[in-house]
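Here the structure comes first, spelled out in structure tokens, and everything after it is commentary.
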Amino acid sequence: MKPPARSNSSKKQGRGALCNLPLLLLIGAIQFLVIYSPAIDRYMVMITKGKPGFPSLLMDGRRGFKLVEEEAIPPPRVRCDFADPRSDVCELEGAIRVRGSTSEVFVVSPSPGAGKADVNVTGLAPGMNATTWTIQPYTRKGEARVMRGITTLTVRVVAARDAPPCTVRHDAPAVVYSNGGYCGNYYHDFNDNIIPLFVTARHLGGEVQLLVAQKQRWWFSKYREIVDGLTNYDAVDLGGDGAGEVRCFRRATLGLRSHKDLSIDPRRAPRNLSMVDFKRFLMWRYALPREHAIRTDELLEEEDAAGRKKPRLLIVNRRSRRRFVNLPEIVALAEEVGFEVTTSDVMSPPVPPEKKEKQKEKQMNSDSGQARMADASALVNSFDAMVAVHGSGLTNLVFLPMNAVVVQVVPLGRMEGLAMDEYGVPPRDMNMRYIQYNITAEESTLSEVYPRAHPVLLDPMPIHKHSWSLVKDIYLGQQDVRINVRRFRPVLQKAIRLLR
């Protein structure tokens with residue numbers, strides 16, 4: 001008997017499966033590529049070009065493999081403003097590297113050969129080179145004498161191969177500025193540093209790294225409450241960076257924006273920040289309790305929360321020139337008009353003799369300036385009105401509550417315009433009331449030094465034309481004030497009315 005024959009159909013099936021094997025392999029290969037090709041692409045990019053922030057492996061024919069650190073370099077963008085009369089500012093975006101030891105800022109271009117065509121640069125002054133330029137990050141650009149002492153930063157647009165390698169990477173954007181110049185003068189501390197820093201950095205919500213040229217450690221201690229409210233990070237002393245330190249950022253601002261004396265133009269500020277915002281910021285940082293001054297019409301019906309029946313007046317009594325030489329008469333007049341009066345120089349209250357030694361020890365402590373600021377802000381905030389002769393003591397008006405009244409006594413010497421710009425406009429921008437009292441020659445102690453017909457008394461303009469240093473020496477450095485209380489009475493009466 002023959003064995004059973006195999007079915008022809010089974011043989012056909014075996015040959016068909018074998019013939020379709022290449023097709024099945026092709027389909028499988030296509031599916032594999034569809035599913036895994038993105039991962040393979042990323043792997044190959046990392047091998048050949050490097051993953052952002054990680055080393056890549058590149059083949060070198062002479063030395064085999066070597067590690068090369070690369071970062072993803074976005075197209076840089078530079079927006080400068082060299083036309084503003086108060087300060088120069090440049091805003092940089094992209095791969096930004098700052099080397100403090102040489103005062104250099106590098107804007108890295110992704111193109112092999114960096115040039116003007118590779119970087120979007122706007123706002124430079126006519127004639128400036130768009131690949132290398134300098135900027136002084138201080139807010140008194142019009143004063144050649146003080147600007148000579150300000151650090152100059154050199155900005156360079158370079159290709160990646162020419163940029164110094166990063167040693168520190170920062171996630172937060174940088175603000176680079178100088179702490180030099182008039183640093184230490186109370187008015188200039190606020191006008192040249194604090195308010196411009198507020199305008200430039202406040203909208204960043206603390207996520208900003210301050211890079212400070214000519215950093216004064218005592219200054220940052222004195223104004224610690226303010227600085228800590230603007231940044232979550234310790235300020236970097238650029239001059240203290242080592243020779244090889246290179247700090248890398250994605251964004252940086254060189255210089256501070258300054259709009260006007262002791263004030264802000266909301267139309268030009270980020271998020272329309274104003275001096276009212278600045279005042280509230282100070283109230284927050286120093287925990288000041290009074291946002292609004294007392295209203296005298298309400299006092300006719302009931303006492304205020306502290307039980308007082310009179311608005312409080314602070315008379316700032318300077319210890320140097322431009323003092324009130326008849327202060328007791330002024331105090332008596334103010335009390336007669338209806339104020340509760342206190343006199344103080346604010347920043348340095350009188351100290352009993354037995355505490356002088358302790359005060360010397362306290363001054364050696366780095367926190368003493370911070371403590372004085374806390375005391376001064378709390379003191380000023382407790383008043384409803386302030387009277388002061390033109391000078392840095394008037395800077396304390398930033399701590400007064402809103403609706404308070406500021407009375408500026410302007411000394412002899414055609415100082416009216418300067419006084420209005422520096423201390424007349426800011427109160428109005430902070431929702432306060434302002435009165436300016438211009439003294440006469442008879443109210444100046446200069447009348448006791450010079451003959452009645454002397455040009456110093458009759459015509460100060462030639463002295464102004466001669467030099468500001470002479471104006472400063474005579475009218476700010478040699479003059480005290482003897483208020484004519486009869487002439488001054490309507491001023492204080494108006495101050496009372498303005499509190500209603």
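The values are calculated or read from the model by the stated rules, or taken from the named source; none is laboratory data. Source: prediction; values computed, not measured. No Cβ is skipped: glycine too gets one built from the backbone with ideal geometry, and neighbour counts run over all protein chains shown. For accessibility, only protein heavy atoms count, side chains too; no ligands or nucleic acids. Shrake-Rupley method; radii C 1.70, N 1.55, O 1.52, S 1.80 Å.
What to note about this one:
- Local charge for Val105 was computed over the other residues whose Cβ lies under 11 Å away, with Lys and Arg +1 and Asp and Glu -1, and equals +3.
- Net +/- balance of residues flanking Met283 in space, Cβ distance below 10 Å, scoring K and R +1, D and E -1: +3
- Sorting Ser444, Ser467 on solvent-accessible area from highest to lowest, probe radius 1.4 Å, gives Ser467, Ser444.
- Karplus-derived HN-Hα couplings along segment 158-169 (A = 6.51, B = -1.76, C = 1.60, θ = phi - 60°), whole Hz, x at Gly and Pro: 9, 6, 4, 5, 9, 7, x, x, 6, 10, 9, 10
- With R₀ fixed at 60 Å, the C-beta to C-beta distance from Arg169 to Arg486 puts the FRET efficiency at about 0.30.
- Here segment 93-179 is assigned +1 on the Cβ of each Lys and Arg and -1 on the Cβ of each Asp and Glu. Its dipole about the Cα centre then comes out at about 280 debye.
- For Asn438, the residues whose modelled amide H falls within less than 5 Å of its own, excluding neighbours fewer than 5 places apart on the same chain, are Val410.
- Residue-span extension gain [Arg250 to Lys309] - 0.36 nm each, minus C-alpha spacing: 15.5 nm
- Taking Cβ atoms as reference points and 13 Å as the exclusive limit, the residues near Arg267 contribute a net charge of +2, counting Lys and Arg as +1 and Asp and Glu as -1.
- At R0 = 41 Å, FRET efficiency that the Cβ-Cβ distance of Glu448 and Val425 yields, to 0.05: 0.80
- Subset of Lys279/Lys310; Lys260/Lys310; Lys141/Lys465; Lys309/Lys494; Lys279/Lys465 violating a 30 Å alpha-carbon distance limit: Lys260/Lys310; Lys279/Lys465
- Pairwise label distance in nanometres, Asn438 with Val276, each label 7 Å out on the Cα-Cβ vector: 3.1 nm
- Whole-Å distance, taken between Cα centres, linking segment 215-233 and segment 133-156: 22 Å
- Once the chain from Arg500 to Asp459 is taken as fully extended at 0.36 nm per residue, the excess over their C-alpha distance is 10.8 nm.
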